[in-house]
Amino acid sequence: MGWTLLILLVVLTVVHGNPTVTVRSGSGPTVGFNRHPNSVPLGEDTQTTTEEESEVVEEVMMTGVLNPSHYPARRAATVVQHYLNTRYGSPYRWLFLSTVNSGSAEDVADKGRKYQLELTMQETISNVSGQCSAELLFPGGEGQNAPQVQVSCEGLCQSNTTAQEEAFYQQHRASNNLASGSNIPDGYGHMEPSMKPFWQLGGVASSFIMLRESNESTLYNMAQVANFTQLETEKDQLRFNYHVLLHEMISQLRAGDHPLEAASHLVPRTGSSSPAD
């Protein structure tokens, strides 16, 4: 038994607006934007842009072979990380970028900018690593369109998390006390072991939004689960409401300025899959 994560409603406050995102089973997210009165659109406040930030923006337009340790390659690789977590993540499987081994970028006429990447990805709990080859397209033109990702991996998602996921499901489905938590991790970086599955579930839920909002000028990561609450359900499922704080690295915006509120639920599914499929 594995898990399928369904995000029912997400509201994310970001610098370029307030998208309302709905993700349903079998479909991708749809987004509508409303200007936030306190938002500062990227690129408009040029007077406060530092020299270092200007160099980062210039690097976005690089083509050819990329330096694996520089922002353009790592930005694109992090998008691949978000994509993999939307497909294979669970309370006991959260994937993160370990190393960018190589990368290149090219302009594709009338389509956007395409990245070819060789990556090492790692699972948080098992620490199992795998090698991935990815192709990523940031669409060109006006408007915000989600990046298009194709990836294949070897040696990743081989650990069997079925028993842990089944135990998690049974524990919280049968309990009379609805689970909740806040400030994960706390200000000192501490996290109770019992909260780690909920932290990872928040990261998986956030990946849907970070993937949708990513472009060549962003580098999103989850900073903290501000709070979460298990919701009552009548059906055979677990459902949680999350408030997650994201950090946008490129503009060095504070995570506290960008709350993510997500109502999500988990339903058991049969069978298993891996990125190599």
Go through (1) at pLDDT below 95; (2) within 25 Å of Thr78 (Cα to Cα); (3) not hydroxyl-bearing (Ser, Thr, Tyr) for Met195 and report which single condition fails. (1)
Restricting the search to segment 130-162, which residues are among the β-branched types (Val, Ile, Thr) and buried (at least 17 other Cβ atoms within 10 Å of the Cβ)? Val149, Val151, Thr161
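Answer yes or no as to whether Ala179 is over 20 Å from Asn215 (Cα atoms) and touching a helix residue (DSSP H, G or I) at 6+ places or on another chain (Cβ under 8 Å). Lay out the reasoning, then the answer.
Details: over 20 Å from Asn215 (Cα atoms): yes; touching a helix residue (DSSP H, G or I) at 6+ places or on another chain (Cβ under 8 Å): yes.
The answer is yes for Ala179.
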Selection count where residues are farther than 30 Å from Leu201 by Cβ and either surrounded by 22 or more Cβ atoms within 10 Å (Cβ to Cβ) or at pLDDT below 90 (or both), scope segment 114-125: 0
Selection from segment 99-113 of residues over 9 Å from Pro68 (Cα atoms) and either part of a loop (DSSP other than H, G, I, E, B) or open to solvent by 50 Å² or more (accessible area, probe 1.4 Å) (or both) yields Glu106, Asp107, Ala109, Asp110, Lys111
When every residue in segment 50-89 that is modelled with pLDDT under 50 and surrounded by fewer than 15 Cβ atoms within 10 Å (Cβ to Cβ) is compared, the one nearest to Ser104 (Cα to Cα) is Glu58
Does segment 29-48 include one or more residues that are at pLDDT 50 or above and assigned to a helix (DSSP H, G or I)? no
Those residues that are open to solvent by less than 40 Å² (accessible area, probe 1.4 Å), of a type in the set (Ser, Thr, Tyr) and either more than 17 Å from His243 (Cβ to Cβ) or not in a helix (DSSP H, G or I) (or both), I need them from segment 163-222; list them, please. Tyr169, Ser214, Thr218, Tyr220
Please name all residue pairs, on different chains or six or more residues apart, with Cβ atoms under 7 Å, provided the first residue is in segment 148-173 and is touching a residue at least 24 places away in the same chain (Cβ under 8 Å) and the second residue is assigned to a helix (DSSP H, G or I). Val149/Val79; Val149/Val80; Val149/Tyr83; Val151/Val80; Val151/Tyr83; Val151/Leu84; Cys157/Tyr88; Phe168/Pro197
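Assess whether Ala174 counts as being within 18 Å of the chain's Cα centre (by Cα), more than 16 Å from Phe96 (Cβ to Cβ) and not acidic (Asp, Glu).
No: the conditions fail for Ala174.
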Which count do you get for residues in segment 223-246 that are under 30 Å from Leu66 (Cβ atoms) and open to solvent by 20 Å² or more (accessible area, probe 1.4 Å)? 2
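The values are calculated or read from the model by the stated rules, or taken from the named source; none is laboratory data. If you're wondering where the values come from, they're calculated on a predicted model, not measured in any experiment. All Cβ positions, glycine included, derive from the backbone under ideal geometry; neighbour counts span all protein chains shown. All accessible areas refer to the heavy atoms of the entire protein, side chains included, with ligands and DNA or RNA removed. Shrake-Rupley method; radii C 1.70, N 1.55, O 1.52, S 1.80 Å.
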